[in-house]
1. Scaled to the compact-protein estimate 2.2 N^0.38 Å, what is the alpha-carbon radius of gyration of the stretch 62-220, rounded to two decimal places?
2. Would you tell me the accessible area of ARG357, worked out with a 1.4 angstrom probe on the heavy atoms of the protein chains, in Å² to the nearest 10?
3. Between TYR117, GLY149, SER81, whose Cα lies farthest towards the positive end of the dipole of the stretch 70-172 when Lys and Arg beta carbons carry +1 and Asp and Glu beta carbons carry -1, centred on the Cα centre?
4. Show me 237-245, 326-334, 29-37 ranked by packing, highest mean number of other Cβ atoms within 10 Å first.
5. Between helix 190-200 and the chain, what is the angle of the helix's C-alpha long axis to the longest principal axis, kept within 0 to 90° and rounded to the nearest 10?
6. Could you work out the local net charge near HIS103, counting Lys and Arg as +1, Asp and Glu as -1, over the other residues with Cβ closer than 10 Å to its Cβ?
7. What are the extents of the Cα atoms of the chain along their three principal axes, in Å, largest first?
8. Compare the peptides 119-125, 181-187, 99-105 by average per-residue count of other Cβ atoms within 10 angstrom and give them in order, highest first.
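The values are calculated or read from the model by the stated rules, or taken from the named source; none is laboratory data. Fair warning: this is a prediction, and the values are worked out from it, not measured in the lab. Cβ coordinates were reconstructed from backbone atoms using ideal geometry, including for glycine residues, and neighbour counts include every protein chain displayed. Areas reflect the complete protein model, heavy atoms only, side chains present, ligands, DNA and RNA absent. Shrake-Rupley method; radii C 1.70, N 1.55, O 1.52, S 1.80 Å.
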Amino acid sequence: MKIERIETFLVAPRWLFCRVETDDGLVGWGEPVVEGRAEVVRSAVEVLSEYLIGQDPLRIEQHWQVLTKGGFYRGGPILSSAVAGLDQALWDIAGRAYAAPVHALLGGPVRERVRIYSWIGGDEPDEIADAAAAQVAAGLTGVKMNACGRLSAIPTSAEVDAVVNRVAAAREVLGPDRDIALDFHGRAGLAAVRRILPELTPLRPFFVEEPVLPDQAHHLRDIVAGTPIPVATGERLYGRSEFLTPLQAGVAVVQPDLSHAGGISEVRRIAALAETYGALLAPHCPLGPISLAASLQVAFATPNFLIQEQSIGIHYNVGSELLDYVLDPEPFRFVDGHIARFDRPGLGITVDEAAVRKAAQTPHTWRNPVWQHADGSFAEW
């Protein structure tokens, strides 16, 4: 069996899919994308495809090694994301070739269901409360929200109060038996985090995510030591070595993205590394159905898994939804805030190829917002 063709598809709202076909008709799907730079990743996939065409798709580890190390210049989000999507597709083909789900090929399942959370939005406490109530009504046991918008380098009392009041509104609706995670999105520096986290402690967040930017990971040890709130990070880290500093700092949760951090192959290794530090895995996934399916396959087979992000209904999905690109949404059905293990071959989903090809006829050009502070200087989004 040889890889015969590799295609890519830019599809709304902001995703890139890849399709890998073998000479005997087996097809695997992956999702190689950097949000806002999908076209650049597409070019990287095309370059990497020069190596893959004609190769045996079942030599997944060998291909991962060549794709990540075969060039003198390595790493970074573009290359790692291109490799990630191709790696997902190869695992999908392997599962179909062996008539087994990917989690069986990873050593077999360690759980029957995966806990998931949904995003909630809103700028005011009332909006947050309404959004949280909707997720409670849907049976969700966990939600995540942005901790803040644009934030001063040293937040004012009013800015701190706004963060606390929004979280308090969600906590009141969720009660003590459900969880709320807070995403700082790297918008807060060390001074801001030190000012805000003590105020949030009584509300007992599930975790605080990206309290500082990845290039300020040297501050994580002080942040972890200064708060009882679990600290999470990792959506903008792309390999095992980049997780060493956060893990050595004592972060409780690592959040590699299956479409950014080298795919199924590398995220499994990141999870194993995290386990040696007593840290938990919560894959980042505000993306499409293929990335979510790959994340779930890892979650089914990973002992130190915590919770799975998913993007059904997320505010980024304008014009198209995750379920628009699958023929059968059953694998993604929520039951009591969980997704039950599914045992279909490969990634376990059937991509609606006709819908993908139709959507790709009007490719997106999604870009993330660029923010400014009141004085006109750049602000982290």
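1. For the stretch 62-220, the normalised Cα radius of gyration is 1.35.
2. About 90 Å², ignoring ligands and nucleic acids.
3. Of the listed residues, the answer is SER81.
4. The peptides rank, most packed first, as 29-37, 237-245, 326-334.
5. 70 degrees
6. +1
7. Here the Cα extents, ordered largest to smallest, are 64, 46, 43 Å.
8. Ranking the peptides 119-125, 181-187, 99-105 by packing returns 181-187, 99-105, 119-125.
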